[in-house]
Structures are given as structure tokens and as C-alpha cells.
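Here is the structure we will look at.
Nothing in this text is a laboratory measurement; each read-out follows from the coordinates by a stated rule. Quick caveat, the model's predicted, so the values are computed rather than measured. All Cβ positions, glycine included, derive from the backbone under ideal geometry; neighbour counts span all protein chains shown.
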Amino acid sequence: MASAPPPADRLAARLARARFRAWHRGTREADYMIGGFYDRYGESWDEAGLAWFEALLEEDDVDVMAWALGVEQPPDHLAGEQMVLMRKLDYVAIG
């Protein structure tokens, strides 16, 4: 019987999966916004930060973009410090 990977390995695997999902959203605009956000902040996330981002990845791109642009208010479970960072949009690098 194989033992479960150490917590650090599980977190690293989840981060890698989240990065892939962030950069493969289906539209270039969403890729830049969500993928760029991951690239700027993802390496600093602990379990809670990653769980927040994984929940964000389950949402529709149109909604995520509206929340990030401040056009709509995010649901309570996505509001907070990370959404404040997302709204800065200083992580979107186009070129």
C-alpha cells in the first residue's frame, strides 16, 4: 500500500494544477487576467490562499472579470484580501 505524498508535495501539485487552469480559461483576456494573477501571487499562497483561488477557478470567466474590474461585487466567499489584490490589475502583462 502506497503512502500519501507529504503535505508540501500535495500543495505543490495543487498549485501546478491551478496554474494550468488559470492559463487555460478559453479566452485570451481571461488567461491574462486569471493567469497573470496566479503568476504574481500563486507562489506565496498557503492552503487557505490556494483554496480561495481554486474556488475562483470554478466560477465563470465573465463573472471573475466583472469582479476584478469592480463592475460587480463578488460573492461573500470570494470577497476579501485576495479580491482586493485582483482588483489592482497590476499583474496583467500584455505584450
Counting pairs of alpha carbon atoms under 8 Å apart in space and at least six apart in sequence, what relative contact order in percent does the chain give? 29
Where a ≥ b ≥ c are the square roots of the eigenvalues of the C-alpha gyration tensor, would you call segment 25-95 rounded, which needs a/c under 1.5, or, failing that, prolate if a/b is larger than b/c, or oblate? rounded
Label-point separation in nm, ARG40 to ARG19, each point 7 Å along Cα→Cβ: 1.8
Once GLU72 and ALA51 are pulled to full extension, the length gained, defined as 0.36 nm per residue separation minus their Cα-Cα distance, is 5.4 nm
Under 20 Å by backbone N from the virtual spin label 7 Å along Cα-to-Cβ at ASP63, the residues of segment 3-30 are 18-19, 21-30
Hz values of 3J(HN,Hα) by residue in segment 25-40 - Karplus curve (6.51, -1.76, 1.60), Gly and Pro given as x: 8, x, 10, 4, 4, 5, 4, 4, 6, 6, x, x, 4, 4, 4, 6
Angle between the Cα long axis of helix 47-57 and the longest principal axis of the chain, 0 to 90 degrees, nearest 10? 50
Rounding to the nearest 20 debye, state how big the charge dipole of segment 1-86 is about its Cα centre with +1 on each Lys and Arg Cβ and -1 on each Asp and Glu Cβ. 400
